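K.L.:
Next up is a structure, given as structure tokens.
The values are calculated or read from the model by the stated rules, or taken from the named source; none is laboratory data. The structure displayed is predicted, hence computed values, not measured ones. Positions of Cβ are generated from backbone atoms using ideal geometry, with glycine treated the same way; all protein chains shown enter the neighbour counts. Just so you know, the surface numbers come from the protein's heavy atoms only, side chains and all, with ligands and any DNA or RNA stripped out. Shrake-Rupley method; radii C 1.70, N 1.55, O 1.52, S 1.80 Å.
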Amino acid sequence: MVAFYYSSSVSAQKPDTLTVSKWHHYLENDFYIMKDDFIFLPIYSVDKGWMHLEARYNYEDMNTFSAWFGYNFSGGNKFQYTITPMLGGIVGHTNGMAPGLKLDFQLYGFEFSSQSEYVVDVLDKENNFFYNWTDFTYSPLDWLWFGLSLQRTRLYKTDLEFQYGLVGGGGYKWFGLSGYLYNLGLDDPYLILSMSFTFPEQ
């Protein structure tokens, strides 16, 4: 989610105007490690108040770039939430556009995060595809998290409609590292290592 990310957490932003709020920069590098393949998937996002901007490569398809614009609805105290509807343009091996949605809910160390999109291929409607990456994690400590993950992607195809697995990770200040293990016990397991960098606010 998708994610991936990780720090798994996305901090809820206080209501603010676009003018006075600060820039929040986030870089994520995901490494898909499979039996016969290796895929590098970078994601870069910027948030300023309600505005969300994002760029992805190799996410929707190999050798494919996507750019996104979204609107952040966020708030809460003990229960924190961020809801971000988005719209993206896609060019490369797949060409089209996609509506998307990011969700993040946090309460007492538990977090539900999900990112979804529906790709509309302008050249071949048979390539239309629904993507989803969902994590449900628990953080007993600020720097540690673990939980369950579900993913639907076209990067790695199996007999399963959704790939399911485990996630665990940790972080320190601006750096986070997570590992995902999908389809454990089946013939086609794969691993994702995810490194994230949260830059100082500007």
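K.L.:
Quick check on this structure: which one of LEU123, LEU155, LEU141 is more than 19 Å from the chain's Cα centre (by Cα) and modelled with pLDDT under 95?
P.N.:
That would be LEU123, the only listed residue that is more than 19 Å from the chain's Cα centre (by Cα) and modelled with pLDDT under 95.
K.L.:
Considering only segment 107-118, I want to know if a residue exists there that is among the aliphatic types (A, V, I, L, M), surrounded by fewer than 17 Cβ atoms within 10 Å (Cβ to Cβ), at pLDDT below 95 and over 25 Å from LEU193 (Cβ atoms).
P.N.:
Scanning segment 107-118 turns up no residue that is among the aliphatic types (A, V, I, L, M), surrounded by fewer than 17 Cβ atoms within 10 Å (Cβ to Cβ), at pLDDT below 95 and over 25 Å from LEU193 (Cβ atoms).
K.L.:
Which residues, taken from segment 180-190, are surrounded by 14 or more Cβ atoms within 10 Å (Cβ to Cβ) and aliphatic (A, V, I, L, M)?
P.N.:
Across segment 180-190, the qualifying residue is only LEU181.
K.L.:
If I filter segment 192-202 for residues that are open to solvent by 80 Å² or more (accessible area, probe 1.4 Å), outside any strand (DSSP E or B), touching a Phe, Trp or Tyr at 6+ places or on another chain (Cβ under 6 Å) and modelled with pLDDT under 95, do I get at least one hit?
P.N.:
Yes: segment 192-202 contains one or more residues that are open to solvent by 80 Å² or more (accessible area, probe 1.4 Å), outside any strand (DSSP E or B), touching a Phe, Trp or Tyr at 6+ places or on another chain (Cβ under 6 Å) and modelled with pLDDT under 95.
K.L.:
Within segment 136-174, which residues are open to solvent by 50 Å² or more (accessible area, probe 1.4 Å), farther than 22 Å from TYR59 by Cβ and in contact with a strand residue (DSSP E or B) (Cβ under 6 Å, 6 or more places away or on another chain)?
P.N.:
Answer for segment 136-174, where residues must be open to solvent by 50 Å² or more (accessible area, probe 1.4 Å), farther than 22 Å from TYR59 by Cβ and in contact with a strand residue (DSSP E or B) (Cβ under 6 Å, 6 or more places away or on another chain): TYR138, TRP143, LEU144, PHE146, TRP174.
K.L.:
Return a yes/no flag: does segment 19-40 have any residue that is in a strand (DSSP E or B), free of Cβ contacts under 8 Å to residues at least 60 places away in the same chain and more than 30 Å from LEU184 (Cα to Cα).
P.N.:
no
K.L.:
Further, regarding this structure: Name the residues in segment 95-106 that are in contact (Cβ under 8 Å) with a residue 60 or more places away in the chain and open to solvent by less than 10 Å² (accessible area, probe 1.4 Å), would you?
P.N.:
If the condition is that a residue be in contact (Cβ under 8 Å) with a residue 60 or more places away in the chain and open to solvent by less than 10 Å² (accessible area, probe 1.4 Å), then ASP104 is the only one that fits.
K.L.:
Mind counting the residues in segment 83-99 that are touching a Leu at 6+ places or on another chain (Cβ under 8 Å) and under 20 Å from GLN151 (Cα atoms)?
P.N.:
6
K.L.:
Is it true that some residue in segment 85-94 is in contact (Cβ under 8 Å) with a residue 60 or more places away in the chain, touching a Gly at 6+ places or on another chain (Cβ under 9 Å) and assigned to a strand (DSSP E or B)?
P.N.:
No, that holds for no residue.
K.L.:
How many of the residues in segment 111-126 are hydrophobic (A, V, I, L, M, F, W, C) and touching a Leu at 6+ places or on another chain (Cβ under 8 Å)?
P.N.:
1
K.L.:
Please indicate, with yes or no, whether at least one residue in segment 157-179 is touching an Asp or Glu at 6+ places or on another chain (Cβ under 8 Å) and not charged (D, E, K, R).
P.N.:
yes
K.L.:
Can you name the residue in segment 1-59 that is modelled with pLDDT under 85 and open to solvent by less than 10 Å² (accessible area, probe 1.4 Å) and, of all such residues, is nearest to TRP145 (Cα to Cα)?
P.N.:
The selected residue is SER8.
K.L.:
Hey, another quick one. Within segment 60-84, how many residues are open to solvent by 40 Å² or more (accessible area, probe 1.4 Å), in contact (Cβ under 8 Å) with a residue 12 or more places away in the chain and of a type outside the set (Gly, Ala, Ser)?
P.N.:
Qualifying residue count, segment 60-84: 11.
Matching residues to (1) out of contact with any Leu (no Cβ under 9 Å at 6 or more places or on another chain); (2) among the hydroxyl-bearing types (Ser, Thr, Tyr):
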residue	(1), (2)
ASN128	yes, no
TYR131	yes, yes
TYR138	yes, yes
GLN163	no, no
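K.L.:
Something else: Could you tell me whether TYR59 is outside any strand (DSSP E or B) and under 21 Å from THR198 (Cβ atoms)?
P.N.:
So TYR59 passes the test.
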